[in-house]
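Here's the structure we're looking at; comments come further down.
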Amino acid sequence: MGHKLVDVRQRTDTLRRLQQAVTQLVGNELNGRYRVANVRNGVVIIETDSAAWATRLQFQKMQLLQQLRQQNFPMLTTIEIKVNPGLSRIQRPVAKNTNQLSQQAADQLQELANSVGGSLGEKLKKLAAHGGGQKKS
């Protein structure tokens, strides 16, 4: 039983390292939309959540394989891309909007809102209120 546990641990470690390597190579755009599902007889199986992402990975497959071989995975012979719609149900981290309206921009929007008036002026005032400590008027 101890031997089987060692095999499972080695396999898990290989999958984790492959996942990290693939993440580095494909970038953050695909983050959460794919996973390295398995490695079997030199074949890496990558699952993705949609056919569109699968097609994109298909175009990158040979380059990805070559780079993985150079990164301590010389035993790899090919990459299979499969669609697994279940991955789309996994919650991905939502990027928080960190854009901020400067005080100067808020002041300029407020001035514009005062000169325009009407419905547009009210909307500009709401937008200006998002500036750093802008007074509402």
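Rule-based calculations on the coordinates, nothing more; no lab input. The shown structure was predicted, so the numbers you read here are calculated from the model rather than taken from an experiment. Every residue, glycine as well, gets a Cβ built from its backbone with ideal geometry; the counts of neighbours run over all protein chains shown.
List of remarks:
- Under the combined filter of DSSP loop state and at most 14 neighbouring Cβ atoms within 10 Å, the stretch 62-127 retains these trypsin sites (Lys or Arg not before Pro): Lys96.
- Mean residue ellipticity (222 nm) of the chain, computed from DSSP H runs ≥ 4 via -39,500 (n - 2.57), nearest 500: -17000 deg cm²/dmol
- Cα shape, the stretch 1-54, gyration tensor, a/c 1.5 rule: prolate
- Within the shell of other residues whose beta carbon sits under 13 angstrom from the beta carbon of Gln20, the net charge comes to +2, with Lys and Arg scored +1 and Asp and Glu -1.
- Where only alpha carbons of the chain are counted, the Rg and the Dmax (Å): 24.9, 80
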